[in-house]
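First the structure, in the form of C-alpha cells, and then the observations on it.
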Amino acid sequence: MRVGVILPTFAPTAAEALDAADEAEESGLDGVFAYDHLWPMGEPGRPAISPYPLLGAIAVRTRLVALGTLVARVGLAADEVLVEEMLSLEALSGGRLVAAVGTGDAKSAQENRAYGIAVRPAHERRAQLAAVLTALVSAGVTAWGGGGSLATNAAIRASGAALNLWAAPVEAVADAARDGEVTWAGRLPSHREPAAALLAALEAAGASWACVIWPGAAAPVVAAASTARRGGG
C-alpha cells in the first residue's frame, strides 16, 4: 500500500504546503494531495489555496511523489475545463498525477452558492462525475472517484476509476475492495502504534493507497508506515 499526505492548504499563502511537499518527497512518502475547497469546510472566514497552481508548482519542484487532488469537485468549472486542468498537471508532472474527482455534497454546496455557482441535482452531478472520470481514464490518467451513494460508487466503477473512501471504516474498505481498486483518505491517530495499526489494517483490507491529513511533519507518517510494514502495527 502506498502512503501519501494531504497538504495544509487552508492558509493565506502556499509556503507551508510547498514545504510539506518537499518534506514528503525527501522522506520517501508516495504522494501529496490538495483539497479543492473555496474555504475550509464550515469556516468561510478562512482562506484556501487553489489546488491547480499549487500542484503545478509542486510538479516542477519534485521528481518522485505522485500528486493529485483529493478531491476536485465537478461543477466549480465546466467539465471540459476540469479535464484540461488535469491533463495539464499530468503533462507537467511527467505522468505522476492522481486525478481524484467527486460530486460534492450538502456540506460543500454553500461554497457554490456563495460564489453564485449553481448546485445541480445529485443525478446530474453524478453524470458529470462519470463523464469526467471516463475522459481521464481514456487519456491514461490515474483517476479516483470520491465515493458516496451506491449509485455514485457504481458510476465510478463503470468509468474504470478507483473508488476513494473518506474516513471509512476498515470494514467498508474491505467490502469495496471486493469490487475493484479502493483508496482511503482520512486522519491518522496521533500516536505511532495506533497509527501503524490503522495503516496495517487498511492494507490488509485491500486499500492501494492511504492518504492522511498532514500532521505537521512527515516523520510521524513515515514512522507509522514503517512500523506497519514491519508488522508492528
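The values are calculated or read from the model by the stated rules, or taken from the named source; none is laboratory data. Note that this is a predicted model, so its numbers are computed, not measured. Cβ placement follows ideal geometry from the backbone for every residue including glycine, while neighbour counts extend to all protein chains displayed.
Which of the residues belonging to segment 139-165 are over 18 Å from Leu97 (Cα atoms), modelled with pLDDT of 95 or more and loosely packed, with under 15 Cβ neighbours inside 10 Å?
The answer is Leu150, Ala151, Ala154, Ala158.
Could you grab the pairs with beta carbons closer than 8 Å, sequence gap of 6+ or different chains, first residue in segment 124-148 and farther than 24 Å from Ala172 by Cα, second one among the basic types (Lys, Arg)?
Pairs found: Gln128/Arg120.
Table: residues versus (1) closer than 25 Å to Thr227 by Cβ; (2) at pLDDT 95 or above; (3) not in a helix (DSSP H, G or I).
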{"position": "Leu29", "(1), (2), (3)": "yes, yes, yes"}
{"position": "Phe33", "(1), (2), (3)": "yes, yes, yes"}
{"position": "His37", "(1), (2), (3)": "no, no, yes"}
{"position": "Met41", "(1), (2), (3)": "no, no, yes"}
{"position": "Tyr52", "(1), (2), (3)": "no, yes, no"}
{"position": "Leu70", "(1), (2), (3)": "yes, yes, yes"}
{"position": "Leu82", "(1), (2), (3)": "no, yes, no"}
{"position": "Met86", "(1), (2), (3)": "no, yes, no"}
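What are the residues in segment 52-89 that are under 20 Å from Ile117 (Cβ atoms), touching a strand residue (DSSP E or B) at 6+ places or on another chain (Cβ under 9 Å), in contact (Cβ under 8 Å) with a residue 40 or more places away in the chain and surrounded by fewer than 23 Cβ atoms within 10 Å (Cβ to Cβ), if any?
Within segment 52-89, just Val83 meets the criteria.
Which condition from (1) without any contact (Cβ under 8 Å) to a residue 12 or more places away in the chain; (2) over 24 Å from Gly186 (Cα atoms); (3) of a type in the set (A, V, I, L, M, F, W, C) is the one that Ala114 breaks?
Evaluating Ala114 over (1) without any contact (Cβ under 8 Å) to a residue 12 or more places away in the chain; (2) over 24 Å from Gly186 (Cα atoms); (3) of a type in the set (A, V, I, L, M, F, W, C) leaves (1) as the failure.
Looking for something in contact with a strand residue (DSSP E or B) (Cβ under 6 Å, 6 or more places away or on another chain) and among the basic types (Lys, Arg) - is there at least one such residue anywhere in segment 96-103?
Yes; the residues of segment 96-103 include at least one that is in contact with a strand residue (DSSP E or B) (Cβ under 6 Å, 6 or more places away or on another chain) and among the basic types (Lys, Arg).
One line per residue, one yes/no per condition, for (1) touching a Leu at 6+ places or on another chain (Cβ under 9 Å); (2) among the aliphatic types (A, V, I, L, M):
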residue	(1), (2)
Val81	no, yes
Glu90	yes, no
Gly95	no, no
Gly104	yes, no
Gly116	no, no
Trp144	yes, no
Ala155	yes, yes
Ser159	yes, no
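Only one of (1) closer than 25 Å to Met41 by Cβ; (2) of a type outside the set (Ser, Thr, Tyr); (3) not in a loop (DSSP other than H, G, I, E, B) fails for Glu193. Which number is that?
Condition not satisfied by Glu193: (1).
If I filter segment 90-123 down to residues being in a loop (DSSP other than H, G, I, E, B) and hydroxyl-bearing (Ser, Thr, Tyr), which single residue comes out as surrounded by the most Cβ atoms within 10 Å (Cβ to Cβ)?
The qualifying residue surrounded by the most Cβ atoms within 10 Å (Cβ to Cβ) is Thr103.
Looking at (1) touching a residue at least 40 places away in the same chain (Cβ under 8 Å); (2) surrounded by 21 or more Cβ atoms within 10 Å (Cβ to Cβ), which one does Val222 not meet, given that it meets all the others?
Exception for Val222: condition (2).
Within segment 207-228, track down each residue that is assigned to a loop (DSSP other than H, G, I, E, B) and of a type in the set (A, V, I, L, M, F, W, C).
Trp214, Ala217, Ala218
Would you call Thr103 touching a Gly at 6+ places or on another chain (Cβ under 7 Å), touching a residue at least 24 places away in the same chain (Cβ under 8 Å) and of a type in the set (Ser, Thr, Tyr)?
Yes, satisfied.
Scan (1) in contact with a strand residue (DSSP E or B) (Cβ under 9 Å, 6 or more places away or on another chain); (2) over 30 Å from Asp19 (Cα atoms); (3) not small (Gly, Ala, Ser) for the single condition Val182 breaks and write down its number.
Of everything listed in (1) in contact with a strand residue (DSSP E or B) (Cβ under 9 Å, 6 or more places away or on another chain); (2) over 30 Å from Asp19 (Cα atoms); (3) not small (Gly, Ala, Ser), Val182 misses just condition (2).
Quick one: how many residues across segment 17-46 are surrounded by 15 or more Cβ atoms within 10 Å (Cβ to Cβ) and more than 29 Å from Ala200 (Cβ to Cβ)?
Final tally of qualifying residues: 6.
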